[in-house]
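The values are calculated or read from the model by the stated rules, or taken from the named source; none is laboratory data. Just so it is clear, the model here is predicted, and its values are computed rather than measured. Positions of Cβ are generated from backbone atoms using ideal geometry, with glycine treated the same way; all protein chains shown enter the neighbour counts.
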Amino acid sequence: MRKVSIDGVPPEPADEYHSDRRPLSEPLNTSDVAITRYVLEPGERFSGSVHAHVDQEEVFVVLEGEATFETEDGEVVVGEDEAVRFGPGEFQTGANDGDEPVVALALGAPRETNDIRISRIPVLGDRDVACSDCGHDHMRVPTGAESGLVCPACGATLVVEEPT
């Protein structure tokens with residue numbers, strides 16, 4: 001057994017998406033499930049892109065507030081004491097579109113997964129990019145993005161060139 005105080009787990013450094021993200025997997029020594037506690041202020045996001053994990057399912061449990069998830073089927077609002085599951089391959093991204101903080105747990109299994117497919121990346125300085133293999137053109141890529149992003153339509157690796 002391992003017990004931790006969430007307040008005793010230091011948050012990761014704040015970034016442009018969220019200011020209070022506390023990974024609990026290492027402190028709890030989990031081997032098969034990733035657990036992260038988020039506190040999202042209004043306008044903050046769980047992640048910076050619409051993405052899918054090829055081999056991981058994700059569950060978000062909203063403890064306080066209301067989170068809005070963007071999916072390929074439209075928006076899904078998850079309120080306090082509600083949960084939502086995204087299966088492997090389901091594209092999603094979540095945010096706090098409200099006026100009050102959102103406190104939520106994100107659970108992912110299996111824990112170790114590196115295969116993420118990105119549908120688009122909505123960040124400042126972005127531009128449209130089309131896949132050279134299939135022509136899929138609904139992707140947004142930030143200035144300065146690394147190459148190696150994966151096209152969600154055909155799975156081709158995208159090579160992103162900086163504009164001249």
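Could you list all residues from region 67-93 that are at pLDDT below 95 and either touching a helix residue (DSSP H, G or I) at 6+ places or on another chain (Cβ under 9 Å) or surrounded by 13 or more Cβ atoms within 10 Å (Cβ to Cβ) (or both)? Within region 67-93, Glu70, Thr71, Pro88, Gly89, Glu90, Phe91, Gln92, Thr93 meet the criteria. When residues in region 48-95 are screened for being β-branched (Val, Ile, Thr) and not in a strand (DSSP E or B), 1 of them pass.
If you check Arg45, Arg2 for being under 13 Å from the mean Cα position of the chain (by Cα) and of a type in the set (Lys, Arg), only one passes: Arg45.
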